[in-house]
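Accompanying notes for the structure given below.
The values are calculated or read from the model by the stated rules, or taken from the named source; none is laboratory data. Remember, it's a predicted structure, so these values are computed and weren't measured experimentally. A quick note on method: Cβ atoms are made from the backbone with ideal geometry, for glycine too, and the neighbour counts reach across all protein chains shown.
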């Protein structure tokens, strides 16, 4: 509470607090400090004298020790400091402006200048308030705040006197001077220097003032040190009428007023209420607001507990992750050590093999060399002999032996069978790169949570449904995409209709008057998350559609928001509707707006790939009724059937009934069935179709329920 009792200018407890028009409080001495004067021009010659009016009208009484605290504006500004007007910053960090000193040597305002108007800027919200002739006395004293500050100071003094040193060997102990927040021990000044020096292990301990007494204001007690409303406290008097007590509350001005304020007329026409009733009402409002703040404070405390638990969990999880990381890296090191031993074994085997081959070759070559050397020495001794007959007896055999010995040293015999190089290459670069790239994969990636369907954005239009979803807040698991599933509109199995990263999807071409179930799930590299809740979507009972300009023949002219069609050509041209039907019963009408020279417009249904430059029904992609002013025919695959009397003219209405439950097509002119059902056993997807030339203009009417006259018409069953 102490922060609420400190002045925003000086940072100390309030002294004679006054209430500014913005409802903030400031000390009366501080208010004199931050008041500012601005001279006004255009006043009379005597205005200079008026500029010396005192900020606080009480100082006009003169005399007494209060005069020093209630100096006039000019007595402060004429202090000889020149035009230096620095901004000040209070201990609470609020910047305020000091008084603007008058120019040097300016004894009085120049002739023609008006009286200086005084203003005061709130140091908290920076709103300016002009001072009237009463000066600062025009602001009401906050006597309630002043009483609370007084009780708080008394309680704090009592608490400071009650706090005793816990280590004193004196009786009674000395008053405590500091509290060590780490040791939770109260020390007097002597014991603190002796037992708790600010060095060594105590250097980082924080010493704070002794805590307030539990029964003192601000210390957790009831703050009952002051006098109650019915005690000896002096009742506040009106700021305008010193002898009158407040008795009423002006709702318009939001301030208490006295009886004389009402009599003088300043508040006579204002809405006033009894002071006690408004006191109770505002107390109730404040109590209600405090309940809301108390609830929020309770939530904040619970949130702090949650954050502290989160700190502990983070510490524990951090240790777990460190242990897991060390274990994984140690496992990698062990695996690398084992592989290193295997590779060293291979190198050893290769080395031993090479050494064996070389030693075998050395032994073999040494043996051959010794044999050859012995043979050469023997041959030299034979050559030295002078016995021709003896020489010739052995010369042939000796020559063969020498030749055979020479042949043993053929090419390759004097080359090493193995090289000194090892044919082993260890490619460690990929493993080294993998080690360098070793990192956490998105911090313990898990499958995504359940997506949340945004029902306010999900909707249906005709036979299309739009679904929207989002991930829950505070979801840290990555999402690579979504899978949207829809059933068949008849309670069948779900099927995938969309896979991608978008969170909004529209599915077209569904059945009318059908109920679809939809659900969505998210997936990432770790797998597929659970399904969302199932949303139920109902398509329209009847179809709303227009003529389709994108698929119409280029000679077709559309108007009236694509609901009216005519043609630029004398030849028949085809235009389709924007809806496609594969299920249900559908009815629409075409009104003949213009009918000249007895043309033959055709009405019916068609596939999307129908031929569009000839009459509807001449190919196998359309089923139609063409009609003139006297009669009509049904046509499909250029086959004309069921001639029926009765035609159309300007103002006529042609109705088309497509019953895909019974798989037939029926036509009506002016509400009466035209002939028998035109076509039966039709299957597939159909679009409304029309063919006409420049002599005809028709307007399409959709979204119609099957009329009673049509419903009551008895149609043959399939």
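Looking across 650, 618, one residue alone is in a loop (DSSP other than H, G, I, E, B), farther than 21 Å from residue 591 by Cα and over 56 Å from the mean Cα position of the chain (by Cα). It is 618. Of note, residue 284 does not satisfy the criterion of being farther than 28 Å from residue 18 by Cα and assigned to a helix (DSSP H, G or I).
Just checking, does the stretch 258-279 include any residue being under 45 Å from the mean Cα position of the chain (by Cα) and under 27 Å from residue 151 (Cβ atoms)? Checked against the condition, which is being under 45 Å from the mean Cα position of the chain (by Cα) and under 27 Å from residue 151 (Cβ atoms), the stretch 258-279 yields at least one hit.
Based on what the data block shows, is residue 199 more than 23 Å from residue 173 (Cα to Cα) and either exposed (fewer than 15 other Cβ atoms within 10 Å of the Cβ) or modelled with pLDDT under 80 (or both)?
yes
Within the stretch 567-607, the residues that satisfy the criterion of being over 17 Å from residue 657 (Cα atoms) and out of contact with any strand residue (DSSP E or B) (no Cβ under 8 Å at 6 or more places or on another chain) are 569, 570, 571, 597, 598. Of all the listed residues (649, 550), the sole one being surrounded by fewer than 19 Cβ atoms within 10 Å (Cβ to Cβ) and outside the structural domain of residue 686 (by TED's automatic domain parsing) is 550.
Scanning the stretch 155-179 for residues that are closer than 30 Å to residue 27 by Cα and surrounded by fewer than 15 Cβ atoms within 10 Å (Cβ to Cβ), we see that the one that is nearest to the chain's Cα centre (by Cα) is 157.
Taking the stretch 212-238 as the range and being in contact with a helix residue (DSSP H, G or I) (Cβ under 8 Å, 6 or more places away or on another chain) and modelled with pLDDT of 70 or more as the test, the residues that pass are 236, 238. The residues listed here are 718, 664, 670; of these, the one that is at pLDDT below 90 and in contact with a strand residue (DSSP E or B) (Cβ under 7 Å, 6 or more places away or on another chain) is 718.
Taken over the stretch 374-410, the criterion of being in contact (Cβ under 8 Å) with a residue 12 or more places away in the chain and outside any helix (DSSP H, G or I) is satisfied by 408, 409.
Tell me whether the stretch 434-455 contains one or more residues that are under 29 Å from residue 577 (Cα atoms) and either under 25 Å from the mean Cα position of the chain (by Cα) or free of Cβ contacts under 8 Å to residues at least 40 places away in the same chain (or both).
The answer is no; no qualifying residue exists.
When we screen 405, 395, 419 for residues that are at pLDDT 80 or above and loosely packed, with under 10 Cβ neighbours inside 10 Å, the only hit is 419.
Residues in the stretch 257-283 that are within 11 Å of residue 241 (Cβ to Cβ) and touching a helix residue (DSSP H, G or I) at 6+ places or on another chain (Cβ under 7 Å): there are none.
Residue 670 passes every criterion in (1) farther than 17 Å from residue 543 by Cβ; (2) touching a residue at least 24 places away in the same chain (Cβ under 8 Å) apart from (2).
Look at the stretch 336-359: where a residue is loosely packed, with under 11 Cβ neighbours inside 10 Å, no partner that is at pLDDT below 90 and in a helix (DSSP H, G or I) sits 6+ places away or on another chain with Cβ atoms under 8 Å. Of all residues assigned to the stretch 407-414, none qualifies as being outside the structural domain of residue 359 (by TED's automatic domain parsing) and under 20 Å from residue 350 (Cα atoms).
Taken over the stretch 465-513, the criterion of being in contact (Cβ under 8 Å) with a residue 60 or more places away in the chain and surrounded by fewer than 18 Cβ atoms within 10 Å (Cβ to Cβ) is satisfied by 509, 511, 513.
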